[in-house]
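S.K.: Before anything else, here's the structure in question.
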Amino acid sequence: MTRITVTVDGTRYTDDVEPRTLLVQYLRDRLGKVGTVVGCDTGNCGACTVHLDGRSVKSCQLLAVQTDGHEVTTIEGLANGATLHPMQEAFRDCHALQCGFCTPGMIMQAVDLVTENPHPTEAEVREGLEGNLCRCTGYHNIVKAVQQGAGAMSGGQS
């Protein structure tokens with residue numbers, strides 16, 4: 001076992017974990033952060049996307065021990081209590097989901113994309129979401145939601 005201390009969604013945790021434990025397993029099984037979805041376990045689908053020190057990462061490709069001393073934000077950590085993050089609201093308002101399985105990872109990737117590029121074009125949104133797969137929607141409403149969320153995050157129109 002290896003002892004780690006990691007801040008997840010603003011709360012500091014110190015735990016003993018097996019060195020082979022994936023971050024996604026730690027978040028879901030130990031901390032109950034089930035909004036982080038286990039999809040492909042190979043890094044291809046992006047459903048498990050979280051933020052590590054403010055940047056998006058696929059939590060199925062990181063070991064929990066690699067997050068020792070770092071800060072992780074999950075989809076649950078984006079909201080401020082009952083107030084949704086602007087990107088979460090945009091996904092809801094634009095009906096940017098069907099089954100919802102990919103949605104947490106899409107939102108986490110979208111927030112990172114908009115942090116880097118506050119006013120992305122449609123092409124830039126599509127490229128920025130390349131590592132996140134949706135098998136239901138065809139992406140049209142997802143792209144629309146990311147652009148609406150970008151506008152809300154920047155306080156203006158995108």
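The values are calculated or read from the model by the stated rules, or taken from the named source; none is laboratory data. Source: prediction; values computed, not measured. No Cβ is skipped: glycine too gets one built from the backbone with ideal geometry, and neighbour counts run over all protein chains shown.
S.K.: Right, Gly77: loosely packed, with under 14 Cβ neighbours inside 10 Å and within 20 Å of Val34 (Cα to Cα) or not?
M.R.: No, not satisfied.
S.K.: Next question, about the same structure. Keeping to the stretch 136-151, report how many residues are of a type in the set (A, V, I, L, M, F, W, C) and surrounded by fewer than 18 Cβ atoms within 10 Å (Cβ to Cβ).
M.R.: So the answer is 1.
S.K.: Right, something else. Being free of Cβ contacts under 8 Å to residues at least 24 places away in the same chain and assigned to a loop (DSSP other than H, G, I, E, B) is the filter here, so list the residues in the stretch 130-158 that pass it.
M.R.: Glu130, Gly138, Tyr139, Gly155, Gly156, Gln157
S.K.: Also, quick follow-up: When you look at Thr14, is it loosely packed, with under 13 Cβ neighbours inside 10 Å and not assigned by TED's automatic domain parsing to the domain that holds Pro104, yes or no?
M.R.: yes
S.K.: Residue under question is Thr21, and the condition is that it be surrounded by 12 or more Cβ atoms within 10 Å (Cβ to Cβ), in contact with a strand residue (DSSP E or B) (Cβ under 6 Å, 6 or more places away or on another chain) and more than 25 Å from Gly100 (Cβ to Cβ); does it hold?
M.R.: For Thr21, the condition - surrounded by 12 or more Cβ atoms within 10 Å (Cβ to Cβ), in contact with a strand residue (DSSP E or B) (Cβ under 6 Å, 6 or more places away or on another chain) and more than 25 Å from Gly100 (Cβ to Cβ) - is not met.
S.K.: Let me ask you something else. Name every residue in the stretch 1-11 that is under 19 Å from the mean Cα position of the chain (by Cα) and either among the small types (Gly, Ala, Ser) or not in a loop (DSSP other than H, G, I, E, B) (or both), in order of residue number.
M.R.: Val6, Thr7, Val8, Gly10, Thr11
S.K.: To continue, here is another question. On the phi < 0 side of the Ramachandran plot, small (Gly, Ala, Ser), part of a helix (DSSP H, G or I) and assigned by TED's automatic domain parsing to the domain that holds Asp16 - does that describe any residue in the stretch 62-75?
M.R.: There is at least one residue in the stretch 62-75 that is on the phi < 0 side of the Ramachandran plot, small (Gly, Ala, Ser), part of a helix (DSSP H, G or I) and assigned by TED's automatic domain parsing to the domain that holds Asp16.
S.K.: Can you report the number of residues in the stretch 38-61 which are within 9 Å of the chain's Cα centre (by Cα) and assigned to a strand (DSSP E or B)?
M.R.: Qualifying residue count for the region: 6.
S.K.: Do you know which of the residues in the stretch 105-135 that are surrounded by fewer than 17 Cβ atoms within 10 Å (Cβ to Cβ) and among the small types (Gly, Ala, Ser) is modelled with the lowest pLDDT?
M.R.: Looking at residues that are surrounded by fewer than 17 Cβ atoms within 10 Å (Cβ to Cβ) and among the small types (Gly, Ala, Ser), I get Gly131.
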